[in-house]
Amino acid sequence: MAIRSCHVIAIEGAHGTGKSTLVHALVAEFKSHNIHAASLAETARTSAFVEEVVIHDHGAFDIAAELHLLSSQIAQEQLLARHHELLICDKTVANVLGYSSILLSRETDGFSSQMLKSMECFCRDYVEQYDAVFFLSDQ
């Protein structure tokens, strides 16, 4: 099921497996064949929340940061799909959810727990938006 008339492909895998390199190479190849293609980089790379924690050592990964990452991923996918024939994503919403679950597994407040459950339910339905998901092994 394509988002609008765009086909969406995602590349999954651990950090350092070559996902971003492959995404850029594929988009370049499709463009060389006159296919209007775009790439979506991992949204955490441009997140102000992640920058605050990782670069500035201020704050922590919390439910607000994780909701921002998930919503950014979805918003960017929807925007790019609106204007392209093909979108190749460096990660899926399931990956964002997986990291959220790991990072927030120690959260004990009810709000964070409920939000994680809601994110999971949403992601289960949303993943059907991907026409294909490929996994790059780290070996």
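Screening the candidates V127, V133, V96 for the property of being of a type in the set (A, V, I, L, M, F, W, C), closer than 21 Å to A37 by Cα and not in a strand (DSSP E or B) yields one hit, V127.
Residues in segment 13-22 that are loosely packed, with under 15 Cβ neighbours inside 10 Å and in a loop (DSSP other than H, G, I, E, B): A14, H15, G16, G18. Looking at segment 71-119 only, could you name the residues that are among the polar types (S, T, N, Q) and touching a residue at least 12 places away in the same chain (Cβ under 8 Å)? Within segment 71-119, S72, Q73, Q76, Q78, T92, N95, S100, S101, S112 meet the criteria. Only residues that are assigned to a helix (DSSP H, G or I) and among the β-branched types (V, I, T) were counted in segment 66-89, giving 1.
Quick one: in segment 23-59, which of the residues that are part of a loop (DSSP other than H, G, I, E, B) and closer than 23 Å to A75 by Cα is most open to solvent (accessible area, probe 1.4 Å)? Explain how you work it out, then say what you get.
Taking segment 23-59 as the starting set, the residues that turn out to be part of a loop (DSSP other than H, G, I, E, B) are 33-36, 41-42, 47, 55-59.
Pick out the ones that are also closer than 23 Å to A75 by Cα and you get 35-36, 41-42, 47.
Working: I35: 55, H36: 97, A41: 57, E42: 30, S47: 6 Å².
Per the stated criteria, the residue is H36.
For A10, the conditions (1) open to solvent by 30 Å² or more (accessible area, probe 1.4 Å); (2) of a type outside the set (V, I, T); (3) within 16 Å of Y130 (Cα to Cα); (4) modelled with pLDDT of 90 or more all hold with the exception of (1). With respect to (1) surrounded by fewer than 13 Cβ atoms within 10 Å (Cβ to Cβ); (2) in a helix (DSSP H, G or I); (3) of a type outside the set (D, E), the lone exception for F122 is condition (1).
Consider L104 carefully, then state whether it is in contact with a helix residue (DSSP H, G or I) (Cβ under 6 Å, 6 or more places away or on another chain), modelled with pLDDT of 90 or more and either acidic (D, E) or crowded, with 16+ Cβ neighbours inside 10 Å (or both). Lay out the reasoning, then the answer.
On the way: in contact with a helix residue (DSSP H, G or I) (Cβ under 6 Å, 6 or more places away or on another chain): yes; modelled with pLDDT of 90 or more: no; either acidic (D, E) or crowded, with 16+ Cβ neighbours inside 10 Å (or both): yes.
Criteria not met by L104.
The values are calculated or read from the model by the stated rules, or taken from the named source; none is laboratory data. Please read all numbers here as calculations on a predicted model, not as lab measurements. Glycine gets a Cβ as well: all are built from the backbone with ideal geometry, and neighbour counts include every protein chain shown. Accessible surface areas use protein heavy atoms only, side chains included; no ligands, DNA or RNA. Shrake-Rupley method; radii C 1.70, N 1.55, O 1.52, S 1.80 Å.
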